[in-house]
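Undergrad: Please find one structure pasted underneath; my questions will follow.
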Amino acid sequence: MTLLSVQHLSKSFGGVTAARDVSFTLERGEMLAIIGPNGAGKSTVFNMVGGQLRPDRGAVLLDGQNITAASPQKRFRLGVGRTFQVAQTFLSMSVAENVQMALIGSRRESEALWSPARTRYRDDAVALLEQVGMAGMADHPCSALAYGDVKRVELAIALAGQPKLLLMDEPTAGMAARERADLMDLTASIAGAKGIGVLFTEHDMDVVFGHAERVIVLVRGRILATGAPEDIRQDPEVRRAYLGDEHALERPKGLSPT
């Protein structure tokens, strides 16, 4: 069974249509990227899948279950993890405590917040940090980490809920080129091993074409093209959609749609 099925999503803000009849699927273990020029509707579609926005029409199904009306919190409990363009961590807490808090939340043990986070699920947290290469920094405060390491911690936090689906909003924003490749290599490895479907938006075309198995191109709220990275790279309509420059997708560092 398909992991994620997005069916005919549409969303308008006032008189402006941000997404129109958007449909796609995502399989377990697959890396699927959404790209598009400025105003394409990427964030709108992404947030409808994540539950931050309610569509005007259409449906979102996870493992065949309709989650269109579910809150982000309920989606998290159903197996939807998320990372953000600006990493979301508690800077005053240690690396391990951040992951422990996510474990407490995923297990719906709010009463545990009355006791120090460091006393609960320490071993589970360290095991998750081991997966992302951060176990050696478990007792360091997040405020002391380099930004690339913070993004790894955020990935561990997202994995705390044992997600079936991982949503990554601009996962490599603010990172150096080597860090970008390392983070996405790590994500692909974990997703493949655990059968996690990954849906991500991304500005950096090196990241997109180097790590996505399929790419969706949005233009003015509609899907212009869907396909393998090389097919998308060679598609003349896609090339024209980016800054009107037929070589735009061959110059990933100069392409900066939002």
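No lab work stands behind these numbers, since they all come straight from the coordinates. Note that this is a predicted model, so its numbers are computed, not measured. Neighbour counts are summed over all protein chains in view; Cβ atoms, including those assigned to glycine, are modelled from backbone coordinates with ideal geometry.
Undergrad: Sum up the charges of everything whose Cβ sits under 12 Å from the Cβ of Val49, counting Lys and Arg as +1 and Asp and Glu as -1, but leave Val49 out.
TA: Local net charge: +4.
Undergrad: Another question about this same structure. Could you work out [θ]222 nm for the chain from helices alone, using -39500 (n - 2.57) per DSSP H run of at least four and dividing by all its residues? Round to the nearest 500 deg cm²/dmol.
TA: Helix-only estimate at 222 nm: -10000 deg cm²/dmol.
Undergrad: Still on this model: Compute the distance in nm between two label points, each set 7 Å from the Cα along the Cα-to-Cβ direction, one at Tyr147 and one at Val16.
TA: 2.6 nm
Undergrad: Assuming R0 = 41 Å, can you tell me the calculated FRET efficiency for the pair Asp231 and His140, based on Cβ-Cβ distance, to the nearest 0.05?
TA: 0.40
Undergrad: Excluding residues on the same chain fewer than 8 positions from Lys11, give the lysines whose Cα lies under 25 Å from its Cα.
TA: Excluding near neighbours in sequence, the set is Lys42, Lys74.
Undergrad: For region 1-150, what D do you get in µm² per second when you plug the Kirkwood radius from alpha-carbon pairs into Stokes-Einstein at 37 °C and 0.692 mPa s?
TA: It diffuses with D of about 187 µm²/s by this estimate.
Undergrad: Over the Cα atoms of the chain, what is the Rg over Rh ratio if Rh follows Kirkwood?
TA: Value, to two decimals: 0.98.
Undergrad: Here is a follow-up. Would you give the gap between the C-alpha center of region 45-89 and the C-alpha center of region 116-192, rounded to a whole Å?
TA: With region 45-89 and region 116-192 each reduced to a Cα centre, they are spaced 20 Å.
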